[in-house]
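Taking it in order: structure first as structure tokens, then the write-up.
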């Protein structure tokens with residue numbers, strides 16, 4: 001647990017250091033070079049006119065949100081524009097066509113044809129170049145509202161040099177920009193890692209869908225805070241990308257939950273998951289065919305997402321109480337619940353703004369990015385625990401496999417491993433050579449010098465055998481003083497050479513330690529020599545030749 005806390009601390013500190021660095025780099029060179037136009041506006045709202053207005057108070061003055069067909073004209077005097085290098089105005093338009101007029105001359109306009117056609121118009125940050133007037137000028141922002149509820153609160157336009165205004169637009173949302181960049185890069189890397197190690201294990205599949213969720217969330221943040229078009233030309237579809245990526249979040253969260261153990265077999269989960277997945281895709285589809293603009297379906301999606309949040313939190317409490325989830329699944333669910341709770345918090349303040357109770361506070365806008373970071377860290381801990389547990393299980397499996405297939409005294413493969421090895425080899429058409437090896441004098445050593453010396457004889461011989469045949473063939477101890485070696489492939493015809501090498505090694509060992517006289521009888525046979533392709537028949541032929549060699553060695557010793 002201490003390692004996980006240390007990991008989280010290092011990750012968090014790294015993120016903060018990165019944010020401070022970019023905060024310094026992207027800060028405009030001089031704040032005085034960027035003028036935020038908060039007050040002194042003359043506003044014409046349809047047939048009503050208001051003078052000397054602060055934009056932050058306009059909703060209160062008008063008394064209601066905007067409706068489709070409303071016309072809003074914002075007029076303001078601007079002083080000397082020549083002090084700016086490439087003077088530029090930045091303003092946000094929401095579901096509106098617009099014109100910029102300076103001294104009665106239209107400088108720029110957007111989406112007028114879409115407004116007339118009733119086509120979908122999204123929300124955008126608009127950069128408009130201004131003339132370098134040396135005298136005070138009046139300019140107008142004329143907004144033609146295309147959707148109900150487009151303007152509940154009004155963002156302050158900004159004037160300055162183009163690069164300062166561009167940096168300012170990023171600086172104001174640096175927190176979201178950094179989190180979005182991190183989520184997209186992290187999601188892509190984590191997705192690649194998860195796919196590389198993909199299996200049918202639920203935890204790995206959960207990591208894959210979590211990675212996709214992070215990428216989608218990163219895209220949604222960039223589009224929601226109008227940062228995407230600062231870097232990519234997406235043809236005015238930023239708001240559509242915002243809503244589509246938002247609508248994909250609920251299905252992906254269901255996929256993450258569904259990968260947990262037995263969740264996909266629960267009828268209640270399937271009901272929520274199918275319903276919660278079908279609804280967003282239907283909403284996207286009816287927008288794409290032009291039936292209903294996607295922003296008008298947001299309340300339907302929000303109800304669907306709130307249902308998912310409620311079910312997720314209930315599931316976490318019940319499954320934890322009944323011990324139905326593992327530690328890493330619990331951590332993942334807690335991360336998802338943190339993200340779900342941040343969405344609920346964000347939606348509450350969103351409707352405060354829609355109803356005119358209060359402007360959406362910055363904390364609510366940053367709640368979802370922070371909730372997402374909680375899920376990222378939960379996923380990392382989940383992955384760390386899963387990898388650690390998998391590694392422990394692998395080591396345990398290897399240990400059990402070693403106990404099952406290794407000789408207890410010598411450590412080399414035992415008879416079971418030998419039989420499995422030859423059974424697998426017999427499933428191919430490959431020729432092989434079996435060498436039967438029998439120690440000479442083991443019984444005499446046991447009887448005259450004790451079993452401890454006999455064990456020494458066996459252990460030393462096994463080490464010599466392993467050294468001689470390492471990388472050349474398979475070896476095993478199949479009985480008390482019986483050993484075997486199997487050659488195949490390029491080493492198929494190396495039996496004589498390897499047997500000679502083994503005998504020389506035993507002679508050398510006898511010279512160093514004459515307390516035991518070590519020697520071995522050998523015999524070998526090939527698969528192609530036996531009509532019956534059974535591997536045991538090959539071994540029996542090799543064993544027969546080994547006994548012939550043993551008898552010959554006895555005669556020579558007399």
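The values are calculated or read from the model by the stated rules, or taken from the named source; none is laboratory data. Since the structure is predicted, the reported quantities are computational estimates derived from the model, not experimental observations. Glycine gets a Cβ as well: all are built from the backbone with ideal geometry, and neighbour counts include every protein chain shown.
Here are the numbers for this structure:
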read-out: Residue among 392, 378, 401 that is out of contact with any strand residue (DSSP E or B) (no Cβ under 8 Å at 6 or more places or on another chain), closer than 30 Å to residue 193 by Cα and modelled with pLDDT of 65 or more; value: 378
read-out: Residue ranges of strands (runs of 3 or more DSSP E) in the range 1-87 with at least 1 members modelled with pLDDT of 75 or more and more than 42 Å from the chain's Cα centre (by Cα); value: 41-45, 48-53, 71-78
read-out: Extreme residue, surrounded by the most Cβ atoms within 10 Å (Cβ to Cβ), among residues of the range 62-82 that are out of contact with any strand residue (DSSP E or B) (no Cβ under 8 Å at 6 or more places or on another chain) and under 26 Å from residue 115 (Cβ atoms); value: 65
read-out: Candidates 551, 493, 503 - the one that is in contact with a strand residue (DSSP E or B) (Cβ under 9 Å, 6 or more places away or on another chain), in a loop (DSSP other than H, G, I, E, B) and surrounded by fewer than 19 Cβ atoms within 10 Å (Cβ to Cβ); value: 493
read-out: Spans of strands (runs of 3 or more DSSP E) in the range 98-150 with at least 3 residues closer than 25 Å to residue 227 by Cβ and without any contact (Cβ under 8 Å) to a residue 40 or more places away in the chain; value: 105-110
read-out: Qualifying residue in the range 156-166 (condition: without any contact (Cβ under 8 Å) to a residue 24 or more places away in the chain and under 11 Å from residue 90 (Cβ atoms)); value: no
read-out: Selection from the range 272-301 of residues that are part of a loop (DSSP other than H, G, I, E, B) and either within 22 Å of residue 255 (Cβ to Cβ) or modelled with pLDDT under 90 (or both); value: 290
read-out: Qualifying residue in the range 251-259 (condition: farther than 30 Å from residue 164 by Cα, touching a residue at least 12 places away in the same chain (Cβ under 8 Å) and not in a helix (DSSP H, G or I)); value: yes
read-out: Flag if residue 238 is more than 21 Å from residue 304 (Cα to Cα) and surrounded by 21 or more Cβ atoms within 10 Å (Cβ to Cβ); value: yes
read-out: Restricting the range 129-138 to residues that are surrounded by 16 or more Cβ atoms within 10 Å (Cβ to Cβ) and more than 15 Å from residue 165 (Cβ to Cβ), the residue that is modelled with the lowest pLDDT; value: 133
read-out: Residue 118 on the phi > 0 side of the Ramachandran plot and over 40 Å from the mean Cα position of the chain (by Cα); value: yes
read-out: Near pairs, Cβ below 8 angstrom, 6+ apart or cross-chain, from the range 75-96 (under 18 Å from residue 43 (Cα atoms) and outside the structural domain of residue 151 (by TED's automatic domain parsing)) to any residue that is in a loop (DSSP other than H, G, I, E, B) and at pLDDT 85 or above; value: none
read-out: Matching residues, the range 317-335, being crowded, with 20+ Cβ neighbours inside 10 Å and at pLDDT 75 or above; value: 335
read-out: Failed item in (1) closer than 24 Å to residue 224 by Cβ; (2) touching a strand residue (DSSP E or B) at 6+ places or on another chain (Cβ under 8 Å), with residue 59 passing the rest; value: (2)
read-out: Which listed residue is farther than 22 Å from residue 298 by Cβ, surrounded by fewer than 20 Cβ atoms within 10 Å (Cβ to Cβ), in contact with a helix residue (DSSP H, G or I) (Cβ under 9 Å, 6 or more places away or on another chain) and assigned by TED's automatic domain parsing to the domain that holds residue 121, from 156, 205; value: 156
read-out: Enumeration of residues in the range 506-534 that are free of Cβ contacts under 8 Å to residues at least 60 places away in the same chain and either crowded, with 17+ Cβ neighbours inside 10 Å or assigned to a loop (DSSP other than H, G, I, E, B) (or both); value: 506, 513, 514, 530, 531, 532
read-out: Scope the range 218-235; condition in a helix (DSSP H, G or I) and either within 12 Å of residue 181 (Cβ to Cβ) or modelled with pLDDT of 90 or more (or both); matching residues; value: 218, 219, 220, 221, 222, 223, 228
read-out: Only listed residue being under 51 Å from the mean Cα position of the chain (by Cα) and assigned to a helix (DSSP H, G or I), chosen from 465, 487; value: 465
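Okay, residues lined up against (1) over 21 Å from residue 335 (Cβ atoms); (2) crowded, with 21+ Cβ neighbours inside 10 Å:
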| position | (1), (2) |
| --- | --- |
| 183 | no, yes |
| 196 | yes, no |
| 209 | no, no |
| 220 | no, yes |
| 255 | no, no |
| 266 | no, no |
| 269 | no, no |
